[in-house]
Every structure is written in C-alpha cells, then in structure tokens.
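Remarks on the structure that follows.
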Amino acid sequence: MYLLTACSAPGPTEQDPAGGNSTQETTTSTSEPEANATGLDIPWAINKSGDGFYISERPGTVAFVNAAGKLTRQEVKFADPLATVPEAGFLGFVLKMILPIRKKRMAIMFMKKMGNR
C-alpha cells in the first residue's frame, strides 16, 4: 500500500452566465493512515526495492520492511563513531542500480572524530 497526499489552495472562481461566481466542489478522504511498520528507531530515509522498503535509522542501522510488514534490521559498520548530537548520525543512503543484478549503496552520515579536530 502506498500513501500519497497533496494540498492545494482554493482556485480562482469563474463567472457564471448569470453574473454570479461559481466554484468547483471538492471532496476529501476521511480514511485514516495505516502503519506498515512499527518499532523503527529514528527512521530517516526510505528506499523502495523489490517487494519492500529499506529505511535508514539514525543510530546506524538499516531496517528492511517487507510487503507483509515484517521488519528485519542490519547494523552498519563505520570506520569512525557516528556523531550523537542533534541532527546527526546515519542520515540516509541511496540504492543505485549499476547492473541489473548488482546494487551499489551510497551512505550519508555525520561522524565524530576523536582527538584532533
């Protein structure tokens, strides 16, 4: 299931032949959003691949949520510790197809260097 939303301001009105203004009627959905995954740890970026989604989590993990909503998690190994200050950590990654069979991953993160800065 995919959830798409959009907003818009009222458009201009048209003059009707009788001299008054006419407006178009709009409809709104009253259905509530549905959670496809729970238990995520500060989710940040999301990538669709096959029948599921890869979601980066700021503490340094990648969660995979399949079509049934089952969550599996993999820890990402970094050369240096991730920064733990606000708005830092493992911020995301991109799945990029190089060949039909091989995928390359590019990650974006903030690292905290120890010692000399």
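The values are calculated or read from the model by the stated rules, or taken from the named source; none is laboratory data. Quick caveat, the model's predicted, so the values are computed rather than measured. Counting neighbours? That spans all protein chains shown, and the Cβs are built from the backbone with ideal geometry, glycine included.
Rundown of residues vs (1) part of a loop (DSSP other than H, G, I, E, B); (2) touching a Leu at 6+ places or on another chain (Cβ under 9 Å), yes/no style:
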site: Pro33; (1), (2): yes, yes
site: Thr38; (1), (2): yes, yes
site: Asp41; (1), (2): yes, no
site: Tyr54; (1), (2): no, yes
site: Ala63; (1), (2): no, yes
Only one of (1) more than 18 Å from Gly92 (Cα to Cα); (2) among the polar types (S, T, N, Q); (3) at pLDDT 60 or above does not apply to Ser49, and that is (1)
